[in-house]
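Here the structure is laid out as structure tokens; the discussion comes afterwards.
The values are calculated or read from the model by the stated rules, or taken from the named source; none is laboratory data. None of these values were measured; they are calculated from a predicted model. Because the Cβ atoms are built from the backbone with ideal geometry, glycine has one as well, and the counts that use them run over all protein chains shown. With ligands, DNA and RNA removed, areas are computed over all heavy atoms of the protein, side chains included. Shrake-Rupley method; radii C 1.70, N 1.55, O 1.52, S 1.80 Å.
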Amino acid sequence: MRKTLRRLLTLAVLIATVLAGTVTATAAATPQSTDILDRLLSIKGMSLIEEKPYAGYRYFVLNYTQPVDHRHPSKGTFKQRLTVLHKDTDRPTVFHTSGYGVSTNPGRSEPTRIIDGNQVSMEYRFFTPSRPQPADWSKLDIWQAASDQHRIFQALDAVYPKRWLSTGGSKGGMTATYYERFYPKDMDGVVAYVAPNDVVNKEDSAYDRFLATVGTKECRDKLNNIQREALIRRAPLEEKYAAYAKENGYTFDTVGSLDKAYEAVVLDFTWAFWQYSLLADCASIPVAKSATDEEIWNVVDGISGFSFYTDQGLSPYTPYYYQAGTELGSPDIAQPHLKGLSRYGYQPPRNFVPRDIAMKFKPSSMRDVDSWVRKNATRMMYVYGENDPWGAERFRPGKGTHDSYVFTAPGANHGANVAGLKADDKALATARILEWANVAPASVQADPAKAKALTAYDARLDGQDGLDGQDGPRTLRP
């Protein structure tokens, strides 16, 4: 195992260091602190922001000093925020990231609960406050972010010497995949949830095919009609939008105008419904023709969020839209039912990033990652939701890969997880996660069908809100 080799190398380095140096009597008489906070703070560049109590754990919010450019570490640093949910140094550890900000409240990802482990959660570079000053946006790319994770892992590996798994949902699942692609020797397994894989940014017909068949025709027609009616009633609803913006101090400099922001929200509506809602929720969608302006406004606002494409709504997500327009790619869906009503079409990420930030798309980035996953995936697991539009373009480990899986949760949306899989898939996925972390009970090793999480569900720790770092309004982003 790569982990065992790393332990032996670490031990060899420690022995060599001791033999080469001279240990003074004073130092020998002073035992190393076993307090976990002391051990964390003994890491060069690590500092404490706060500790929050939680029964059965210790929880720390920390800063770690990172190079702005890992290729040229002497050219400036910034402080990157991370959290540690500490269980025990004898337990395995899950490295979690949302690909966005990091919550400063205790939370467990599903793999952390399954393996009863520690959890390290990293804030993605350039999401505030983990943003270099001044911000050189050319240093926001998937390799630099993977190198942030690699360096944090190197710093913490001696503190948490058991096995490590990486995980994340949506952009966090993408992040876990990119980390594995660039540093495949760090982790002992990857569990990526609902991770989009936009290999060819200019070819998005998979999304159109998905939206043409998802759910039921009755529900699809109902949603499409709401969009049409919102554009037909553009004039009175934009008057309401202008009053709403004035009341809340919202502006539209980045997207360019209130009209463009309004249409962006409306065009997100159908996608956002399937991303966040379930088929059963279609019953609460009003009939477009008979709905009042207020009802149209309320249903669109509740699902897409009229505040999002304002300057104030977009600002926290500038790093995401920058990456979508430089490496990750973004959907461009046709929505033929809006022909003659849409003025701008599906707007590109460039429209959602301030113009003083330069952007140039690199089409090779996603092709490289996709090719690597198809050929080299080892102990990688992908979980998708049947009704989630983001899963229309997904990662697919090839036949030559090892111990890797793609699961689909029936009827699930962008919150799909292992718990929502069919019984056989759930047992297999849980058993593999336990095996990868080296904590599978003997009963599970003998019969994977008996696999279950090692800890009980905790509503405070295991709810998705507050863990993924995405607390903004609902709109189209992974």
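Details
- Inter-residue pairs, beta-carbon under 6 Å, first aliphatic (A, V, I, L, M) and in region 330-341, second open to solvent by less than 50 Å² (accessible area, probe 1.4 Å) and part of a loop (DSSP other than H, G, I, E, B), 6+ apart: Ile333/Tyr346
- For region 407-433, taking the residues that are of a type in the set (Val, Ile, Thr) and touching an Asp or Glu at 6+ places or on another chain (Cβ under 9 Å), the one that is nearest to Ala456 (Cα to Cα) is identified as Val418.
- Condition check for Ala416: within 29 Å of Asp281 (Cα to Cα), touching a strand residue (DSSP E or B) at 6+ places or on another chain (Cβ under 9 Å) and buried (at least 21 other Cβ atoms within 10 Å of the Cβ): yes
- Number of the exception - Lys450 against (1) over 30 Å from Gly305 (Cα atoms); (2) touching a strand residue (DSSP E or B) at 6+ places or on another chain (Cβ under 6 Å); (3) of a type outside the set (Gly, Ala, Ser); (4) without any contact (Cβ under 8 Å) to a residue 40 or more places away in the chain: (2)
- Of all the listed residues (Ala195, Ala206), the sole one being in contact (Cβ under 8 Å) with a residue 60 or more places away in the chain and within 17 Å of the chain's Cα centre (by Cα) is Ala195.
- Those residues of region 428-465 which are out of contact with any Lys or Arg (no Cβ under 6 Å at 6 or more places or on another chain), surrounded by 12 or more Cβ atoms within 10 Å (Cβ to Cβ) and of a type in the set (Asp, Glu), in sequence order: Glu435, Asp458
- Residues of region 127-169 that are in contact with a Phe, Trp or Tyr (Cβ under 9 Å, 6 or more places away or on another chain), open to solvent by less than 40 Å² (accessible area, probe 1.4 Å), part of a loop (DSSP other than H, G, I, E, B) and closer than 28 Å to Ser42 by Cβ: Phe127, Ser130, Pro132, Asp157.
- From Pro236, Pro286, residue being surrounded by fewer than 15 Cβ atoms within 10 Å (Cβ to Cβ) and either touching a helix residue (DSSP H, G or I) at 6+ places or on another chain (Cβ under 7 Å) or under 22 Å from Arg350 (Cα atoms) (or both): Pro236
- The helices (runs of 4 or more DSSP H) falling completely within region 170-285 that include 3 or more residues that are closer than 26 Å to Asp301 by Cα map to 205-211, 217-232, 234-248, 258-276.
- Every residue from region 384-411 that is charged (D, E, K, R) and open to solvent by less than 50 Å² (accessible area, probe 1.4 Å): Asp388, Glu393, Arg394, Asp403
Residue-wise test of (1) part of a loop (DSSP other than H, G, I, E, B); (2) in contact with a strand residue (DSSP E or B) (Cβ under 9 Å, 6 or more places away or on another chain); (3) among the hydrophobic types (A, V, I, L, M, F, W, C).
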{"site": "Gln312", "(1), (2), (3)": "no, no, no"}
{"site": "Ser315", "(1), (2), (3)": "no, no, no"}
{"site": "Tyr320", "(1), (2), (3)": "no, no, no"}
{"site": "Gly325", "(1), (2), (3)": "no, no, no"}
{"site": "Gln347", "(1), (2), (3)": "yes, no, no"}
{"site": "Asp356", "(1), (2), (3)": "yes, no, no"}
{"site": "Lys362", "(1), (2), (3)": "yes, no, no"}
{"site": "Ser365", "(1), (2), (3)": "no, no, no"}
{"site": "Val373", "(1), (2), (3)": "no, yes, yes"}
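- Test result for Gly313, over 19 Å from Ala206 (Cβ atoms), at pLDDT 95 or above and open to solvent by less than 40 Å² (accessible area, probe 1.4 Å): yes
- Residues being assigned to a loop (DSSP other than H, G, I, E, B) and either open to solvent by 70 Å² or more (accessible area, probe 1.4 Å) or free of Cβ contacts under 8 Å to residues at least 60 places away in the same chain (or both) - total across region 289-310: 3
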